[in-house]
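The values are calculated or read from the model by the stated rules, or taken from the named source; none is laboratory data. As the structure is a prediction and not an experimental result, all values here were calculated from the model. Don't worry about glycine lacking a Cβ; one is built from the backbone with ideal geometry, like all the others, and counts go over all protein chains shown.
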Amino acid sequence: MGDYRFFHQRQHRRLVERALYLDREDCHLRHLIRGDRRMADFSAAGGGIFYDYSRQRVDEATMALLFELAEAAAATDRFADMAHGKKVNVTENRAALHMAARSFSDHPVRVDGHDIKPDLKAVRNQIKTFCDAVHGGEITGSTGRSFRHVVVVGIGGSYLGTEFVARALEAFADRDVSLEFLSNVDIHNFASIWSRVDAERTLWVVISKSYTTAETMANEDLIRRTMQERRLDPSKHLVTVTSKGSPGDGDAGRGLASFHMFDFIGGRYSVTSAVGGVPLGLYLGYDRFERFLKGAEAMDRHALEAPPEQNLPLIAALLTVWNTSFLGYPQTAIIPYASPLSRLTPHVQQLNMESNGKSVDALGRPLAQPAGTVVFGEPGTNAQHSFFQLAHQGKAFPIDFIGVLNPQYRMDEGAFKGVGHQQELWANLLAQATALAMGQASGDPARSFSGNRPSSIIVLENLDPEDVGRLLAFYEARTIFEAFIWGINPFDQFGVELGKVTAGVIRGEMAARNQNPEHDFDAVDAINRRYLRMIFSGRLPG
Ligand SMILES: O=P(O)(O)OC[C@H]1O[C@H](O)[C@H](O)[C@@H](O)[C@@H]1O
């Protein structure tokens, strides 16, 4: 194993000095972005995406230092190690091979001597055959009627990526199949879906790598009971996507089929595996799912092969580290000017924050400061009319703007104020990035804008299945590069465990009270005891 030290001392010291230097008034963005070459020098294209970072608070010397940092951290070597099956998830002794799930080459990738590529291909073929049979009406529900509704039952990585892609590609959903997501254990989630679907024509796709996740198990149980009450055989209305050997594996009476996901693909990196494949294949058609995979594969190749100075996810990762650890911005926003991308941010929230929200390096040594950044966002222009006041005049945060050149729908937009809708959208995107960077002086303090607020623009040519795959793989690779530069392991998530264990104690107290009305919640602290009394009485105290 290599050296996972957080921030190689020499680069670290020089970057701290550089950050102080860039705080000077003559390094304000309004000066940095002056000049015809700024955009040419601070942008790159690759993997089918254009990435413009000309409005980030960097100059050439800073970028040179950042590339040195990436080299000192051996970020690209570690990325290649990951692609070749090395067990980069050091705390769990696992490989991280989500990229193999969308690799169409015959090049073998071995884990413990076993080539995993044929296993992944076999699952893709199984998905294709199943989707074709559902669309062709050969596989039906228990009353013989074809499926019209697909409901994903899963949470976290077994849900968010698929929801992002499904919403992004809704314009392509022509298979007469609706797609819903039952993630939360909140009864409102189930009840509202149940009220919308025709149970006889509904296929539940239960997705859980572990098949022990409390929310998913509770929902699966509720589905089985509710379907039985409707005199429908649940096993004819359900498939599972899960790990080999999990409690949900095998079609032994549990459902129509089981599709495997593998322990070398983490939940938040799993949308290009069967996790996304089964629901997206049913919703969009398998061919479109494969186009999405090919877009992701193109970005993977770019991330693996492009030199650092041209490597989009690596540059973006260096800018995250720069903004977070040197300029001190604790948050970052993602603002897509394309409403089909409205669920990108929730997906990247899990992908990035669950991967990189860490306080120790990959060898367990405390970091000088916690890693990770708070990700939030909404589509533009909606975001402008909600929280952009703070972006312009409150606490500054870096922004990824995302623009699409050709929208999914072509229609006569007319010309309101001389422009069509798509042009109006772009006018707003460009205006926001400009205003945030430049600012504006005013004699009235309430009306003055300090500017110097960094942003990048990611441009997609279209919003086809391939483009969505590219964007997904860009954010995955960026997240992993960030982690390798910070020296952390992005593939474990022990931070989510304590809450689950604590919920188990509280659940136990509730179950005890359900059994025995005299039980008074002795196993919990005084605050939680008061809440439990409130919940069981249904009344506010006092
Ligand atoms: O797929 P599952 O085993 O049901 O896990 C679902 C999710 O739950 C956990 O709490 C993890 O934090 C996530 O990384 C995971 O994606």
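What the table below lists for this structure:
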quantity	calculated
Residue under evaluation M227, criteria (1) surrounded by fewer than 17 Cβ atoms within 10 Å (Cβ to Cβ); (2) among the aliphatic types (A, V, I, L, M); (3) away from the ligand (no atom under 16 Å from the Cβ), criterion not met	(1)
Scope the range 186-214; condition at pLDDT 95 or above and hydrophobic (A, V, I, L, M, F, W, C); matching residues	I187, F190, A191, I193, W194, V197, A199, L203, W204, V205, V206, I207
Qualifying positions in the range 274-295 - among the hydrophobic types (A, V, I, L, M, F, W, C) and within 16 Å of the ligand (Cβ to nearest atom)	A274, V275, V278
Checking H421 against (1) at pLDDT 95 or above; (2) assigned by TED's automatic domain parsing to the domain that holds L367, the condition it does not meet	(1)
Single residue of the range 246-264 satisfying the filter (outside any loop (DSSP other than H, G, I, E, B) and in contact (Cβ under 8 Å) with a residue 24 or more places away in the chain) that is nearest to the ligand (Cβ to nearest atom)	M261
Residue check for D263: within 21 Å of the chain's Cα centre (by Cα), more than 24 Å from G46 (Cβ to Cβ) and modelled with pLDDT under 95	yes
Subset tally (residues that are crowded, with 17+ Cβ neighbours inside 10 Å, within 16 Å of the ligand (Cβ to nearest atom) and not hydroxyl-bearing (S, T, Y)) for the range 190-221	9
Some residue of the range 126-149 being surrounded by fewer than 24 Cβ atoms within 10 Å (Cβ to Cβ), within 16 Å of the ligand (Cβ to nearest atom) and among the aliphatic types (A, V, I, L, M)	no
Test: residue in the range 232-249 that is over 30 Å from I506 (Cα atoms) and among the small types (G, A, S)	yes
Qualifying residue in the range 82-95 (condition: surrounded by 18 or more Cβ atoms within 10 Å (Cβ to Cβ) and either hydroxyl-bearing (S, T, Y) or assigned to a helix (DSSP H, G or I) (or both))	yes
Wholly within the range 429-542, helices (runs of 4 or more DSSP H) carrying at least 2 residues that are under 25 Å from S342 (Cβ atoms), aliphatic (A, V, I, L, M) and not assigned by TED's automatic domain parsing to the domain that holds T213	465-486
Filter pass, D412 being modelled with pLDDT under 95, of a type outside the set (A, V, I, L, M) and in the same structural domain as G451 (by TED's automatic domain parsing)	yes
Selection status of E163, within 30 Å of S105 (Cα to Cα), away from the ligand (no atom under 16 Å from the Cβ) and under 21 Å from the mean Cα position of the chain (by Cα)	no
Failed item in (1) in contact with a strand residue (DSSP E or B) (Cβ under 7 Å, 6 or more places away or on another chain); (2) assigned to a loop (DSSP other than H, G, I, E, B); (3) of a type outside the set (D, E, K, R); (4) buried (at least 21 other Cβ atoms within 10 Å of the Cβ), with P108 passing the rest	(4)
Residue tally, condition in contact with a Phe, Trp or Tyr (Cβ under 7 Å, 6 or more places away or on another chain) and either on the phi > 0 side of the Ramachandran plot or within 16 Å of the ligand (Cβ to nearest atom) (or both), over the range 166-189	3
Yes/no for I506 being more than 19 Å from N352 (Cβ to Cβ) and over 18 Å from the mean Cα position of the chain (by Cα)	yes
